[in-house]
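A quick write-up on the structure given underneath.
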Amino acid sequence: MATQYKVPSNDNSGILIAGAAGFGLGLLASVGRKAAVQAVTYAAGDWFEGLKAEHKMAMGIIELMEATTTEDVKKRATLLLQLQHALGKHAIQEEDVIYCALRALGDAASADELGHEHNAEVKQGLYDLEQIDKSSPSWLARVAELKADIEAHVRKEEDEVFPALRAKLSDEENRKLTNRMNREGFKVA
Ligand SMILES: [Fe+2]
Ligand SMILES: [Fe+2]
């Protein structure tokens, strides 16, 4: 890349300027796209509500997967990519911020258990769905298994662990946690 921007001995500076402008625009477009992706979580107002909105969004993608048939190979691949992206970002926000806060406040057991479920169930499920032939009926069977795993994980987070964490923190501390989580999400959005 860098060699493209070397000072030219002959005059092709026009091309170089166009290239540099394109690079800048690309960067802006990427920042805009990231902001749009993080907007749903950010708009929810606080970290817990943001994560709940993301759980809902992931379930929505899974329901679209369930509605596909063995004919919808391309659609299955597109939905799987969307789910991988959504859950990848979600996992970074939880693992790099929320679960660390849990551990720091004395609930290492929940942090470990939830982190283990991300790896052993969610990431494994997404990997398997990538591997299984999308024109095979076993693809939907694996979707159902992943859905059940995610539902159980989400119930633990939304009904037990996250409300307890939010209650341990002051309004100001919850605001700080929300900002930190949105920053992490934006990085990988
Ligand atoms: Fe989680
Ligand atoms: Fe979650």
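The values are calculated or read from the model by the stated rules, or taken from the named source; none is laboratory data. On a predicted model such as this, the values are computed, not experimentally measured, just so you know. No Cβ is skipped: glycine too gets one built from the backbone with ideal geometry, and neighbour counts run over all protein chains shown. Side chains are part of the model used for accessible areas, which takes the heavy atoms of the whole protein and leaves out ligands, DNA and RNA. Shrake-Rupley method; radii C 1.70, N 1.55, O 1.52, S 1.80 Å.
A few points about this structure:
- Screening the range 107-189 for helices (runs of 4 or more DSSP H) wholly inside it with 2 or more residues that are at positive phi returns no ranges.
- For the range 129-175, a tally of residues being within 17 Å of Gln82 (Cβ to Cβ) and touching a helix residue (DSSP H, G or I) at 6+ places or on another chain (Cβ under 6 Å) returns 6.
- Residue within the range 37-48 that is closer than 21 Å to Arg155 by Cα and hydroxyl-bearing (Ser, Thr, Tyr) present: yes
- Just one residue in the set Leu87, Leu102, Leu83 is part of a helix (DSSP H, G or I), open to solvent by less than 50 Å² (accessible area, probe 1.4 Å) and in contact with a Ser or Thr (Cβ under 9 Å, 6 or more places away or on another chain); that residue is Leu102.
- Search result, residues across the range 70-109 that are farther than 15 Å from Asn182 by Cα and within 12 Å of ligand 1 (Cβ to nearest atom): Leu102
- Answer from Gln93, Gln38 - the residue that is modelled with pLDDT of 95 or more and either within 16 Å of ligand 2 (Cβ to nearest atom) or open to solvent by 40 Å² or more (accessible area, probe 1.4 Å) (or both): Gln93
- Among the candidates Arg155, Arg142, Arg175, the residue that is open to solvent by less than 50 Å² (accessible area, probe 1.4 Å) and out of contact with any strand residue (DSSP E or B) (no Cβ under 9 Å at 6 or more places or on another chain) is uniquely Arg142.
- Scanning the range 125-150 for residues that are within 16 Å of ligand 2 (Cβ to nearest atom) and free of Cβ contacts under 8 Å to residues at least 60 places away in the same chain yields Gly125, Leu126, Ala148, Asp149.
- For beta carbons closer than 9 Å, sequence separation of 6+ or different chains, a first residue in the range 76-97 that is more than 21 Å from Ala144 (Cβ to Cβ) and a second that is assigned to a helix (DSSP H, G or I) and acidic (Asp, Glu), the qualifying pairs are Lys89/Glu54; Lys89/Glu184; Ile92/Glu184; Gln93/Glu54; Gln93/Glu184; Glu94/Glu157; Asp96/Glu184; Val97/Glu184.
- Glu173 meets the conditions (1) among the acidic types (Asp, Glu); (2) in contact (Cβ under 8 Å) with a residue 12 or more places away in the chain; (3) more than 16 Å from ligand 1 (Cβ to nearest atom) in every case but one. The failed one is (2).
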